[in-house]
Each structure stands twice: as C-alpha cells, then as structure tokens.
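In what follows, a structure is listed as structure tokens, so that the remarks can point back to it.
Bear in mind that the values in this text are calculations on the coordinates, not laboratory data. Bear in mind the structure is a predicted one, so any value in this text is a computation, not a measurement. As a convention, Cβ positions derive from the backbone with ideal geometry for all residues, glycine included, and neighbour counts pool all protein chains shown.
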Amino acid sequence: MKKNRKKSNKSQEVTPGRQRTLRLAEVIERNLYEFVVLEGLKAVDEMLEQDRECICGPVHARGRTDDPQRWGQTEGRLVMGGRRVVVRKPRVRHQGKEVTLPSWAQFADEDPLEQRTLEQMVLGVSTRGYERSVEPLPDELDPHGASKSAASRRFVATTQQKLDAWLHRDLSELRIVVVMIDGIVVVEDHTVLVALGIDENGKKHPLGLWSGATENSKVCGSLLDNLIERGLDAQRPYLFVIDGSKALRKGIAERFGGMVLVQRCQQHKLRNVLGHLPKRLHPSISKAIHDAYRSQSKATAKKRLLQLVSQLEDEHPDAAGSLREGLDETLTLKDMGLPTNLERTLSTTNPIENLNSTIRRVLRRVKRWRGGSMVKRWVAAGVLEAERGFRRLRGYKGMPTLVAALRTHAERIDRIDEQQEVA
C-alpha cells in the first residue's frame, strides 16, 4: 500500500516545463487578442530587421563608405483593428536618401482603414460610436485615428473619391441594352436621379446619378447628357424603363429620338390608377389591369384596358384618364417573343427599385444633411453597398431575344428615315 501511495504522489508532480506551459496558457486565456497582437508586431519587427540586414549586411560587418548604412530607428504608423498604431521602424540611408524597406512598403500599402470606416458608416455606426466599434488595442501601441473627427474625415474623403471615380467611369465597353431611371427624394429640395444599366448578359451596372431640387426636365436631361458623354451611344437602340415621368420621357425623346423603345412601369401605372379610385374598387380594378397585362398579345391587352377605360369614364374620369395616358408604352414588350419571366421583369422598374431601397436604408443613417455634396456622397455609398449584392436579371437567358428585337426596331426606323429623305 505504501508503494502505491508513493507512486501516486509522484505522478502528481509538475515539471518546470509544464509549469511554463501552464503560465503561458493562463496569459493566453486572460487576453488572447492582446497576446496575438503583440506577438504579431514582434514578427513585424523581425521582418523589418531582416530587410535591413539584407540591404546593409550583418550588424558588425565592415562595408564600403558608399554602401547603404543603418540609420537608427524612427516612429512609423500602420493600420490595425480599424485605427492606426505606432511602431518602431528601422531606417536605412544610401547616398543621403532614405531607403524604403520592402516589408514596410507592403504593410503600408495594405491600408484598409478607409474601407473599414466606409463599411462601419454604411452599416449604421455613427462617427461618435466608431471608436467603440473597433477592436481594443494595447495602450503601448498608442492607438489613434478612431475619433469622431478622424472617422468623419476619412468617410468624406473615401466617399468623394469613390463618387468621382464612379461618375467618370467609361460606359462604352459595357454593352448596355436596358436603361432604368428612377428618382429618390432624399430631403426637401434635394432629389437624386439614379440610372441602372443592364448589359447583354443580364448583368446590372449602376451608371450614374444627378441631383436637383425636383425631378424636372433639366435634371433628367443633365443625367442623360452625362451618360452619353461617358459612352452611352445615342445612335444605338436601347430599352428605357421608366416610371412615367413626363420630364424624363421628354429628355429621352430629345436625345435618342425614335431609335429607342420606352417601357412604362406597369406597377406605377396601376398605383396611379388606384390612387383615383375608392378603396372598395381596388381589388376588382387591380385584378382587371393585371389580367390585361398578362394577356398573350398586345392587341388583346390593349383591348381589355380600353374596355376598362370605358367602364371608368363616367363615374371616375380621372382614373380613366390616368389609365389611358401612356397606355401603349405600358405594353411595349408585348409581341416581342420574350420569355415570360423576362417580360414581366422588364415591364416594371423593380430592379432599380431594389437598388433604391438599399440606398434609402443607407440614407436613414443620416440625421442631419449639410448640402447637395453630402447628399450625393451618401447616395453613392448606398449604390456601392447595393452593387455588392447584385445578381443577374431574372430571365436573363432571354436577353438575346430582346437584343434582336431592338436591332429589328432600329433597322425599321432607319428605313423610315431613308424613305422620308427620298420623299
């Protein structure tokens, strides 16, 4: 029994190596993040010192007077955890000029701070709360750059840079087929028109934006002029899908003529008609309009809609007038032979409405507006956020059929123009 007891006591003894392992485990358990950060910075120091040794040679090696020389250390700043930290940077000079260490150049170029700030603001973090949203760092690193003013300056600079790059992007290589335009009222006296393009493969591309006091003809024309200047060929056939704005329709006609086709949004038309009717009639009238739009041919759809106009004429003339106005352009895609899902998708402005809903969600973060520049920058931030989630257009496999139909329409317009010139 005694022997067994001695053996048991011996098995419980802890070796010095194991004690060190346990102490390290306790440190890591207390603050793993801080431990990893500090150890990682030690690795950075070693990499920088290795770079200096590769350039200057070993510490005590003798070199020629014109060789690169060690020149002490200085404070440098790198991005970490959504802010900047101070690190010691080894210096090398050669012929009176500073030599950049390769590892330092790589770390300094990888600067995600601006993008991190943009992400936080778009996700709803205020500039006041930015410092609390980033990871804590050890005090000995002197973390800075997360204050309200610093975050605000970075957000303004980043969004302005991205806005400028986006609004000057060349559109000539995108092979745009469909252009959707819709307006967003951001705040009183600030309305922003947003343009969304869809290419031959059904991919979506935000094309541009233009701001003004209202959605008037001048603002609409300025947006279209900007798109043309950046490469949207006014001589090519396009399908424009709009909400029924007369100012926008006028601008399209003046710049693109009869070469393009215009599809009025059926959902907007339905809402406009129902807005002139008592609620008790909404279900029946809504079903009648939907059934007409789902007709197999344009002739049948138009016949049904005109019959509904006649029914509404006496008791609800304004509703009848709203349905009659632009009726043919709500049926533009009929008889083109498009797949049903593509025809229904392009018969409404839903694709750009989805984009605008993301923009509005981002704009809700702002509590106080300070001018048109701020409006455009925040709208651009919303567009960039929405673009990350873009998917191909529903029914995109039918895009070749649409392209062929637009080409046929353009050829017919060319023949008409030639006949008029001969006459």
Starting from the Cα gyration tensor of segment 174-417, take the square roots of the eigenvalues, sort them a ≥ b ≥ c, and report rounded, prolate or oblate (rounded when a/c is under 1.5, otherwise prolate if a/b is larger than b/c, else oblate). oblate
Past the 23 Å Cα-Cα mark, which pairs from LYS204/LYS302; LYS162/LYS376; LYS269/LYS302; LYS269/LYS298? LYS204/LYS302
With x for Gly and Pro, the residue-by-residue ³J(HN,Hα) of segment 305-316, computed from phi through the Karplus equation 6.51 cos²θ - 1.76 cosθ + 1.60 at θ = phi - 60° and given in whole Hz, is 5, 5, 5, 5, 4, 4, 5, 8, 4, 6, 8, 9
Phi angles of segment 259-270, converted by Karplus (6.51 cos²θ - 1.76 cosθ + 1.60, θ = phi - 60°) into ³J(HN,Hα) in whole Hz with x for Gly and Pro, give 5, 9, 10, 10, 10, 7, 5, 5, 5, 5, 4, 4
Quick shape check on segment 272-361: root eigenvalues a ≥ b ≥ c of the Cα gyration tensor, a/c under 1.5 is rounded, otherwise prolate if a/b tops b/c, else oblate, and it reads oblate
Long-range amide H partners of THR332, meaning residues 5 or more apart or on another chain whose placed amide H is closer than 5 Å, are ARG264
Return the FRET efficiency for the residue pair ARG70, ARG388: r is the Cβ-Cβ distance, R0 is 45 Å, and the value is rounded to the nearest 0.05. 0.45
Taking the number of other C-beta atoms within 10 Å as the exposure measure, put ILE285, ILE176 in order starting with the fewest. ILE285, ILE176
Using a 7 Å offset from the Cα along the Cα-to-Cβ direction at both ARG93 and ARG236, what is the distance between the two label points in nm, to one decimal? 5.8 nm
Nearest-0.05 FRET efficiency for THR214 and SER357, computed from C-beta distance (R0 25 Å): 0.70
Fewest-first ordering of HIS190, HIS290 by Cβ atoms within 10 Å yields HIS290, HIS190
Which whole-Hz ³J(HN,Hα) couplings does segment 45-50 yield from phi under the Karplus relation 6.51 cos²θ - 1.76 cosθ + 1.60, θ = phi - 60°, glycine and proline marked x? 4, 5, 4, 5, 5, 5
Distance between the C-alpha centers of segment 173-218 and segment 269-292? Whole Å please. 28 Å
Could you give the length gained on full extension between ARG370 and ASP225, defined as 0.36 nm per residue of separation minus the Cα-Cα distance, in nm? 49.5 nm
Most packed first (mean Cβ within 10 Å per residue), the peptides 410-421, 213-224, 313-324, 347-358 order as 347-358, 213-224, 313-324, 410-421
Using 1/(1 + (r/R0)^6) with R0 = 30 angstrom and r between the beta carbons of ASP291 and THR401, what's the FRET efficiency to the nearest 0.05? 0.80
